[in-house]
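Here's the structure, in structure tokens; my notes come after.
The values are calculated or read from the model by the stated rules, or taken from the named source; none is laboratory data. Everything numeric in this text was worked out from a predicted model, so none of it was measured. Glycine gets a Cβ as well: all are built from the backbone with ideal geometry, and neighbour counts include every protein chain shown.
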Amino acid sequence: MGVKEDLNRRIDVLAIGLFGLAVGALTVGLAQMGVIPEVDKIGVLAIALVFGGIVQLLAGITDIRYNEQLGGTALTMYGFFWLTVSTVKLVSGSTSLNFDSTLYIPIELIYLVFSAAMIYLTAYRSVALSLLHVIITLTFFASVMDRLKGSI
């Protein structure tokens with residue numbers, strides 16, 4: 001099998017990673033708006049864990065294997081974020097352990113900086129990807145500000 005044939009047999013991992021992001025974010029967003037009832041919280045977190053976390057993580061690892069370092073790094077890093085937050089919230093929701101919201105400030109600050117850097121790094125590839133990172137950066141900024149306001 002030649003190099004050209006090998007390139008044609010690759011899957012579009014960015015599309016798969018963005019699909020995971022869309023499913024996870026839409027599910028969590030609908031739950032936060034009250035469209036999905038509070039009684040389904042564990043289900044929402046499980047969907048966020050699988051689609052936001054595992055799907056993006058696997059897509060990122062595959063993208064890195066295809067020598068797409070930038071896309072692979074972004075998908076992998078965001079996948080780890082979803083895995084971490086979903087797991088902490090699942091543990092907190094299903095046990096007597098309750099974590100304070102200030103726990104998320106350090107991770108959200110790091111992802112705020114990471115997402116801001118990704119705006120610049122993706123600008124040469126695609127305006128749409130760069131705008132997506134603008135939205136992600138603004139979301140992390142708003143979340144950090146909200147958590148800081150609540151902890152003062």
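Looking at ALA59, ALA142, ALA128, which one is out of contact with any Lys or Arg (no Cβ under 8 Å at 6 or more places or on another chain), free of Cβ contacts under 8 Å to residues at least 40 places away in the same chain and within 15 Å of LEU21 (Cβ to Cβ)?
Values: ALA59 fails: free of Cβ contacts under 8 Å to residues at least 40 places away in the same chain; ALA142 fails: within 15 Å of LEU21 (Cβ to Cβ).
After applying the criteria, what remains is ALA128.
Looking only at residues in region 129-152 that are loosely packed, with under 14 Cβ neighbours inside 10 Å and over 16 Å from ALA25 (Cβ atoms), the one that is modelled with the lowest pLDDT is ILE152.
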